1. I'd like the GluC sites (Glu not before Pro) in the stretch 256-335 restricted to DSSP loop residues with at most 16 other Cβ atoms within 10 Å, sorted by number.
2. As a test question: what accessible area, to the nearest 10 Å², does residue 550 have when a 1.4 Å probe is rolled over all protein chains in place?
3. Within the stretch 227-271, name every residue whose backbone N is under 12 Å away from a label modeled 7 Å from Cα of residue 420 along the Cβ vector.
4. Give, in nm to one decimal, the length gained when the segment between residue 193 and residue 176 is fully stretched (0.36 nm per residue of separation minus the Cα-Cα distance).
5. So between residue 227 and residue 168, what do we pick up on full extension, going 0.36 nm a residue minus the alpha carbon distance?
6. Measure off, as a whole percent, the carbon and sulfur share of the 1.4 Å-probe accessible area of the stretch 218-308, all protein chains present.
7. I'd like the accessible area for residue 150, computed on protein heavy atoms only with a 1.4 Å probe and all protein chains in place. Round to 10 Å², please.
8. At a probe size of 1.4 Å, how large is the accessible area of residue 64, to the nearest 10 Å²?
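The values are calculated or read from the model by the stated rules, or taken from the named source; none is laboratory data. Note that the coordinates shown come from a computational prediction; the quantities given were computed from them, not determined experimentally. A quick note on method: Cβ atoms are made from the backbone with ideal geometry, for glycine too, and the neighbour counts reach across all protein chains shown. Protein only, heavy atoms only, side chains kept; ligands, DNA and RNA dropped before computing areas. Shrake-Rupley method; radii C 1.70, N 1.55, O 1.52, S 1.80 Å.
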Amino acid sequence: MASYLVPTLQQAFCGVVGSNISPNVTDTATGISPATTQPQSILGFLFSFTALQDWLKLIVIGGVLESSRRLFYSAYNKFVNSFFITAIFDDGDDSYDWMMVWLSKHPSWAEAREIQISTNSFGLKSSAVLIPGEDEGASDLVQGSRKLAYMPRVSTTQSLWFRRRWVTVTRSQEPSGYYSRPEDRLTIRIMTRHHRVLNELLQEAKREYKAALEHSITIYVSDSSNCWRNVASRPKRPLRSIVLDPGIKDLLIDDAKDFLGSKPWYAARGIPFRRGYLLYGAPGSGKTSIIHSLAGELGLDVYIISLSRVGMDDNALSELISELPEKCIALMEDIDAAFTQTLNRDDEPSESGPGERPDGPHAREPPKSTSRVSLSGLLNALDGVGAQEGRILFATTNKYGALDPALCRPGRMDVHIEFKLASQFQARELYRYFYLPEEDEGAECEDDDGSGKESLGSGYAKSTNLIDLDPASDSSEKPSTASIKVSPRGNGNLSRAPKLSHREILQLASRFADAIPERQFSMASLQGYLMGYKTRPLDAVNDVAAWVEKEQSKKTTATANLDDA
Ligand SMILES: Nc1ncnc2c1ncn2[C@@H]1O[C@H](COP(=O)(O)OP(=O)(O)OP(=O)(O)O)[C@@H](O)[C@H]1O
């Protein structure tokens, strides 16, 4: 074919060249100029039968070559891939966050030459603020701050070693969703034939991620598309910081721990593996705080179910509850509000049982429901067929009496606990914890047995000159801020705190508690009062009687106004 094509093309080419040399020369035989004949002869040649045969041959040979090339590459890729496991992680999935946190700490990943700097939290909900080297000596996360992450730029592939296996990591952006918005994707290829190595990598990444969250709990809420979204990580609150009447905290923690370890027991008896706690009582008495603290103690995430969320109805609620993970705390705050929003949330807490409305002058009409979640929808969601097993449900309310008995029955709410206004015992313990937050358990015991030993762990340094804190003693000897030496220690407000011994704090705590009338003030209001005396424990005690008087007269006026209305 080539032997045929070459002379013909040469002939055509020469004709064209010739026409350029003497463009005005006309072919005498035909009367047509060569410039017009040459393209026609080329076209004629190209579509002649013999040439078409040659084209066909070219196409067939080209096709065979291309197919063999593709076949070879696909076989080659298959062969190479058989030595690798490829895992894809999409942004928005928890596993993506595990991997990103793990990778951001990996030396090879951080040594990339084309770097993207990121303050992203990757679900840890604490943005990175420290530049590497800026925080010598400070441990990450413990102080609530993380280092910036150095990451390879998108579309680059980085390689690293994991358990003597070669791993390549590629960051890319792929269009996703309705508007094809680019979303980050991580592709990890591990040189191994076993999923075991991938699982080990995932386990390590998840472990590190959890360790980063060790000092915090993760809070989830449902978004407008009815999916659970990780919205915050909160520092764990020590159980000791919540002061309840003796026995309540132990009851809650023991019961919840016992439940979490009893899955086989429930299965053997065919009882649905769920537990519900109803915490009711005065506002600001620690219901929400104890739930968050328990979540930290039990290592569970908190899923907040808001019955009054826009778009929440029976179906959405049931779907949300069925999507809860196996071990978690589901929290429904102010469970009464969804059905009784016409009631004032600040009404006196009801002493009556569920379904028993208080009679008397303040009794109201049965409240109308304003929520799109119906009571039967809620009941079904809590223990219907789709209800998740293994979850602990906490519900809180200030109006126990307004709740439907069906909602409170065992199986839905197994344990009911009342939270009352502060007792003197609580006031004393609150004061003590407020000014001695770092006191260890041992120190508490030492003092409780009356030995009067002082705590070395006290937030307040040991005082050499003990002052007389006995209120019974002569008023001229009563402690006042003027009689306390102010010793600067460290930076910030605490540097202005006086040096008081452990024993002195305890004595002040007792005096503080004596001034608080039993069950009249919420713990939140006592905490609010002490906040005004962060560095003045003595003034807090000296001024408390006046504060109590003022608050009581405010309450009397408010009640009188309510009666007049
Ligand atoms: N028993 C308590 N011990 C220590 N602090 C408390 C206690 N009760 C309340 N507080 C403090 O008061 C504030 C409010 O508490 P919390 O939100 O837990 O009360 P609540 O009972 O859930 O109130 P509400 O019914 O209004 O939601 C918190 O900052 C908490 O630190």
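1. 323, 326
2. Its accessible surface works out to 120 Å², give or take rounding.
3. It comes to 245-246, nothing else.
4. Length difference between fully extended and current span is 3.1 nm.
5. That works out to 18.0 nm of additional length.
6. 53 percent
7. Accessible area, nearest 10 Å²: 80 Å².
8. Using a 1.4 Å probe on the heavy atoms, I get roughly 90 Å².
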